[in-house]
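Everything on this sheet refers to the single structure shown next.
The values are calculated or read from the model by the stated rules, or taken from the named source; none is laboratory data. As the structure is a prediction and not an experimental result, all values here were calculated from the model. Here the Cβ is made from the backbone with ideal geometry for all residues, glycine too, and neighbour counts use every protein chain on show. Side chains included, ligands, DNA and RNA excluded: accessible areas come from the protein's heavy atoms. Shrake-Rupley method; radii C 1.70, N 1.55, O 1.52, S 1.80 Å.
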Amino acid sequence: MTSKLLHLTLAAAAFASGSALAGPVNINTADAAKLAAELTGVGPALAAAIVADRQAHGNFPTAESLSRVKGIGDRIVELNKANILVNDPAPKR
C-alpha cells in the first residue's frame, strides 16, 4: 500500500511540474495513442479530439494553434511547448 501511494505521489509531482518523461511529438502526424503518451495533460479523449480536428481542419501551423481543440487550453500548450513539433526535424547530415 505504501509503495502504491509513493508511486502515485511521484506521478502527480511529475505531472504538476510538467516534467513527465515526454518526448518530441509531431502533432500533425502522430496518432492518438502517441499524442496521449507524449503530451502532458492529454489523455485518450483529448488525443482523439486532436486527431479529429486535424482531419477536419488540416494541420496545425504552430504549437499554439493546438488550442483550437476544445479542451486544450493555454496551460496544456505551455506545458508541452518544448515537445510539440509541427514538422518532422530535418535529417542530420
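Out of the residues in region 80-93 meeting the condition of being part of a helix (DSSP H, G or I) and open to solvent by less than 40 Å² (accessible area, probe 1.4 Å), tell me which one is nearest to residue 39 (Cα to Cα).
Ranking the candidates gives 80 first.
Which residues, counting only those in region 38-93, are polar (S, T, N, Q), at pLDDT 95 or above and out of contact with any Phe, Trp or Tyr (no Cβ under 7 Å at 6 or more places or on another chain)?
Listed by number, the residues that qualify are 55, 59, 62, 65, 67, 80, 83.
Answer yes or no: is there a residue in region 51-65 that is assigned to a helix (DSSP H, G or I), in contact with a Leu (Cβ under 8 Å, 6 or more places away or on another chain) and open to solvent by less than 30 Å² (accessible area, probe 1.4 Å).
yes
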